[in-house]
Each structure stands twice: as C-alpha cells, then as structure tokens.
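What follows is a set of notes on a single structure, which appears directly below.
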Amino acid sequence: RAKALGKSRFEVFAAGMLTEAVNRLQLESDLISALDNHEFLLYYQPIINLKTGALAGFEALVRWHQKDRGFVLPSAFIPAAEETGLIMALGQWIFREACQQLHQWHTLLPQYRHLTMSINLSNRQFGQTDLVSQIEAALKETQVDGHCIRLEITESMVMGDVDAAIDLMLKLKSLDLKLAIDDFGTGYSSLSYLHRFPMDTLKVDKSFVGRLEKSNEDRAIINTILTLGQKLGMEVVAEGVETATQVAMLQQEGCDYGQGYFFAKPLPADEALNLLRQHQPLGC
Ligand code: C2E
Ligand code: MG
Ligand code: MG
Ligand code: MG
C-alpha cells in the first residue's frame with residue numbers, strides 16, 4: 001500500500017514538473033516574439049524630493065502586455081529573459097525607450113530640464129562586453145543629457161569581481177551617467193567595498209522602509225544607512241514609501257528622496273506627463 005501511494009505521489013510530482021517545464025517553454029517562446037511584436041512598454045514611477053516635495057525624476061519599470069496573459073510584471077519574466085539571453089535585446093530597448101521618453105519630456109517641459117530617469121540594469125547586462133558602447137550610442141541618438149540618467153545596479157552584480165566592476169562603473173561614469181545602488185541592504189553586504197564604488201545614489205530597499213513604523217530598532221537601521229550614504233557623499237532614495245508617517249519619519253531622518261505608492265504607482269507615459277503638467281509638489 002505504501003508502495004502504491006509512493007508511486008502515485010511520484011506520478012503527481014512528475015506531472016507537476018512536466019506542466020512547469022511546458023509552461024516555462026511556452027513563456028520563453030512567447031517572450032522571444034514579444035520584442036518584435038512590440039509587447040513591452042515602460043511604466044514610470046515618480047521619485048520625490050522629500051525636502052521640497054518636487055518631482056525629481058522617474059524610475060522606468062518594464063511591463064509585458066501579452067495577449068493571453070494580460071499585464072505581466074518583471075518578476076515573472078525577467079528571470080526567463082536572463083536565461084534565454086533575450087535580456088540583452090530587451091535591456092537595450094528599455095534603455096533607449098527611457099532615454100527617448102526623458103528627452104521628450106525635457107523638450108516639452110523646459111521647467112523640468114533637471115528631471116532624471118532611473119533605469120534598471122540586469123545582472124547579465126552588467127557583464128555584457130559592449131554595454132558601454134551601446135549606452136554611448138543610445139545617449140547620442142536620443143540626445144538626452146547623460147547626467148540626467150541614473151543606472152540602477154544591485155549589490156549582487158558588483159560583488160563577483162570587484163575590480164572589474166569598478167572598472168566598468170568608471171567607464172559608465174565617463175559617459176556622464178549617474179550610478180545608483182538598488183535594493184541596498186538586501187544583498188551580500190558590500191559595506192567593505194561600498195566606499196570604493198563610484199556610486200552617486202543609494203536606494204534603501206523597501207523592506208527597511210516597510211518596517212520603519214514597527215520599532216525603534218528598524219528606525220535605527222534606516223538612520224544608519226542614511227548616515228552611511230551621506231558620509232560617502234551619496235544621495236539617498238527610500239523605496240516603497242506607502243504611508244504619510246513613513247514620509248514624516250524619513251524627512252526627520254534627513255532622507256533626500258522617496259519613491260512609493262504613497263506618492264504614485266508606476267504610471268503609463270501619458271499619465272506621467274499629466275502629473276508633470278499638474279506641476280504640484282506631491283504629497284509633502
Ligand atoms: P526595483 O528596481 O527595486 O523596482 C521597484 C519595485 O517596487 C517596482 O516593482 C515597483 O512597482 C515596486 N514598488 C514601488 N513602490 C512601491 C510601494 O510603495 N510598495 C511596494 N510594495 N512596492 C512598490 P516592479 O515594477 O514589479 O519591478 C520589480 C523589479 O523588477 C525591479 O525592482 C527591478 O529589479 C526589476 N525590473 C523592473 N523593471 C526593469 C527593467 O526595465 N529592467 C530590468 N533589468 N529590471 C527591471
Ligand atoms: Mg530599481
Ligand atoms: Mg529597488
Ligand atoms: Mg526592489
């Protein structure tokens with residue numbers, strides 16, 4: 001009896017694995033045609049200056065609009081895009097699209113000429129040999145000012161070969177770009193290297209912000225991260241800001257920028273433009 005049960009369990013398990021593999025293959029084949037079919041689009045989430053309430057910039061966040069699946073979030077397809085290598089072409093499209101969008105907003109609204117655009121890089125893109133020349137070409141073609149672009153890099157990307165990573169960062173910075181360390185505090189701690197990285201911005205991961213109201217210890221952790229960023233001459237952005245209390249606490253702690261649902265969700269380009277046109281300091 002035990003044996004029979006074991007066998008049927010094995011079959012269920014195997015069938016589950018097969019379904020998963022088939023789903024994965026389907027996802028990958030859908031992904032491959034997605035770029036040609038123009039199924040990707042960028043959403044833009046505001047980043048707010050916590051001292052003035054001004055809209056300082058946006059982070060570009062990719063979405064996949066697929067006919068059978070609807071809107072797909074990056075967590076559901078970026079890993080497959082990395083594995084298949086599609087991320088190279090997709091990442092290149094994302095960078096160009098975000099630059100084009102920023103250039104358009106700069107042109108339409110000269111009062112926003114300092115508006116920034118933050119663009120995420122994936123692990124595989126960071127290791128790509130022609131990354132610098134690709135970015136240089138895209139900046140030139142879209143005529144956007146490099147210093148308004150912030151490339152977001154995570155800790156895990158730079159912790160392998162630290163010297164090679166620093167070399168690459170310096171090359172990117174020679175294009176007049178700014179660099180941000182994303183999801184800070186969640187990866188392998190790079191505390192001993194952080195001062196060597198030519199980073200301009202530190203983004204405190206939303207998990208820390210989410211715990212701000214829970215305890216004094218969590219508040220002390222944010223405070224320490226802010227002090228660290230400030231001591232290293234970096235601007236600090238708090239991610240995942242969801243409540244007015246969090247905004248008040250972050251302001252008290254001297255955090256420069258905030259990003260999160262409290263201010264706005266990631267928005268399609270036309271809604272982001274409306275927001276810019278309203279010209280109101282948001283939520284502060
Ligand atoms: P991330 O770069 O840390 O982006 C911030 C994520 O937090 C976004 O999720 C955003 O929608 C979400 N978020 C913003 N405010 C709040 C909030 O108040 N509360 C909560 N709970 N979440 C908030 P999204 O768009 O699903 O992206 C997830 C991750 O996927 C990103 O994390 C980034 O690592 C990756 N990703 C997104 N777009 C791109 C892209 O264009 N290229 C690459 N390589 N990766 C991307
Ligand atoms: Mg990011
Ligand atoms: Mg982040
Ligand atoms: Mg994150």
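The values are calculated or read from the model by the stated rules, or taken from the named source; none is laboratory data. Values in this document were obtained by computation on a predicted structure and should not be read as measured data. Neighbour counts are summed over all protein chains in view; Cβ atoms, including those assigned to glycine, are modelled from backbone coordinates with ideal geometry. To get the accessible areas, we keep the full protein, side chains included, count just its heavy atoms, and leave off ligands, DNA and RNA. Shrake-Rupley method; radii C 1.70, N 1.55, O 1.52, S 1.80 Å.
Tabulated data
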| read-out | value |
| --- | --- |
| Qualifying residue in the stretch 215-237 (condition: at pLDDT 95 or above, within 16 Å of ligand 4 (Cβ to nearest atom) and out of contact with any Asp or Glu (no Cβ under 6 Å at 6 or more places or on another chain)) | yes |
| Residue in the stretch 31-40 that is in a strand (DSSP E or B), buried (at least 18 other Cβ atoms within 10 Å of the Cβ) and in contact with a helix residue (DSSP H, G or I) (Cβ under 8 Å, 6 or more places away or on another chain) present | yes |
| Condition broken by Gly57, with the remaining ones in (1) open to solvent by less than 10 Å² (accessible area, probe 1.4 Å); (2) part of a strand (DSSP E or B); (3) farther than 24 Å from Glu235 by Cβ satisfied | (3) |
| Hey, Gly127 modelled with pLDDT of 90 or more and out of contact with any Lys or Arg (no Cβ under 9 Å at 6 or more places or on another chain) or not | no |
| Test: Ile153 is in a strand (DSSP E or B), touching a residue at least 12 places away in the same chain (Cβ under 8 Å) and over 19 Å from Ala56 (Cα atoms) | yes |
| Selected residue (criterion: farthest from ligand 2 (Cβ to nearest atom)) from residues of the stretch 187-205 that are under 14 Å from the mean Cα position of the chain (by Cα) and farther than 29 Å from Lys140 by Cα | Val204 |
| Strands (runs of 3 or more DSSP E) enclosed by the stretch 173-257 - at least 1 residues per element that are of a type in the set (D, E, K, R) and open to solvent by less than 50 Å² (accessible area, probe 1.4 Å) | 178-184, 201-204 |
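Yes or no, residue by residue, for (1) at pLDDT 90 or above; (2) under 22 Å from the mean Cα position of the chain (by Cα):
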residue	(1), (2)
Ala4	no, no
Ala21	no, no
Arg24	no, no
Asp36	yes, no
Leu55	yes, yes
Val62	yes, yes
Pro74	yes, yes
Ile78	yes, yes
